[in-house]
1. Per residue and in Å³, how big is the convex hull formed by the alpha-carbon atoms of the range 311-398?
2. Just to be sure I understand, if you calculate Cα extents along the principal axes in Å for this structure, which of [x] 59, 51, 37; [y] 122, 52, 42; [z] 61, 45, 33 do you get?
3. If you take the beta carbon distance between residue 248 and residue 169 as r and set R0 to 22 Å, what does 1/(1 + (r/R0)^6) give as a FRET efficiency, to the nearest 0.05?
4. Let a ≥ b ≥ c be the square roots of the eigenvalues of the Cα gyration tensor of the range 212-285; is it rounded (a/c under 1.5), or, if not, prolate (a/b larger than b/c) or oblate?
5. Can you tell me the convex hull volume per residue for the range 243-366, based on C-alpha atoms, in Å³ to the nearest whole number?
6. With the crude spin-label approximation of a point 7 Å out along Cα→Cβ, what separation in nm comes out for residue 371 versus residue 51?
7. Extending each Cα 7 Å along its Cβ direction at residue 382 and residue 40, get the distance between those two points in nm, one decimal.
8. How would you rank 75, 256, going from fewest to most other Cβ atoms within 10 Å of each one's own Cβ?
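Computed from the coordinates by the stated procedures, all read-outs in this text should not be read as laboratory data. These numbers were taken from a predicted model, which means no experiment stands behind them. A quick note on method: Cβ atoms are made from the backbone with ideal geometry, for glycine too, and the neighbour counts reach across all protein chains shown.
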């Protein structure tokens with residue numbers, strides 16, 4: 001048993017995990033540019049609040065429709081092929097966004113950039129979870145999520161750097177990322193494939209771990225998905241409107257927003273591994289509740305206090321705690337899913353966020369037209385705490 005544990009630990013720290021981390025960084029870089037550009041898009045294309053909400057909603061709607069098929073294909077054909085497809089979609093989306101001539105073209109481009117992560121996440125998370133045993137799984141997923149948050153930081157930071165320092169246009173920022181994204185295929189080429197036959201042979205060892213669930217849609221997993229959906233709905237209400245509110249009502253510049261979003265995601269390089277370590281030591285659910293409570297409290301402080309510095313500091317703290325919770329949530333998903341169905345399980349875990357991302361911006365647009373931009377954030381805060389209550393009191397983990 002000691003030899004098997006040592007072998008599995010070596011696999012966790014090996015090239016497979018490194019490749020997942022790097023490709024996770026690359027597929028998120030261009031996809032996270034959009035949130036910074038909404039004020040520029042609104043002005044250039046003369047968009048209404050409803051149209052901004054539509055642009056923000058369509059990619060997650062497509063994501064909701066394809067998440068489960070992506071997870072099923074991951075379980076059926078293995079991670080490597082699905083990840084290669086996601087990298088190609090990311091490059092295609094960046095290229096199309098770089099030649100955007102109208103809002104419809106931009107929607108198609110950002111939809112491709114959203115679908116690339118839809119296809120990427122289930123196989124990469126399942127692959128990483130299967131590299132580790134149940135005890136070290138949160139740590140491995142922490143490193144994987146660190147790569148994603150680093151990529152999410154590079155997008156907004158590249159907007160600030162390339163547009164302010166090098167005086168490029170926003171379309172050229174998208175084009176800048178095409179070649180780096182395609183380099184992910186080179187990295188992926190050397191990853192050891194994990195075909196279905198091999199996973200079936202390994203399944204008995206995984207199933208011998210205590211507490212493994214026997215079915216996918218257990219009561220605990222359904223309640224966990226419900227909690228995630230409610231919390232994501234609150235977060236998705238702010239998509240597209242936070243940057244507009246900061247520019248129109250608080251006097252911020254787009255470069256300031258890009259810097260804040262970039263730093264917020266950059267904190268994930270520390271937050272994700274730290275969150276994985278704390279989830280390992282404190283417990284997955286307990287740490288998820290603690291970190292989410294801190295995150296939502298900081299969000300309330302950010303929208304309540306006045307001034308550039310207080311908002312920046314509390315927003316960054318909100319994102320840092322949220323990043324630490326992300327790893328715990330991923331570990332909970334792996335714990336609640338049978339090992340042979342983890343690809344599908346992770347796909348299902350992303351569906352609530354996709355559905356919320358499709359509906360919440362439209363609700364937020366209605367609130368903005370009827371009551372103004374600020375009430376969007378107060379409603380979102382209430383929804384955050386409702387979802388947290390479902391997680392705390394509804395989800396049981398043995």
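1. Here the figure is 112 Å³ per residue.
2. [z]
3. It comes to 0.50.
4. Oblate shape, in that a/c is at least 1.5 and b/c is the bigger or equal ratio.
5. 122
6. Going by the 7 Å Cα→Cβ label model, 2.6 nm.
7. If labels sit at residue 382 and residue 40, their model points lie 3.6 nm apart.
8. Lowest to highest Cβ neighbour count: 256, 75.
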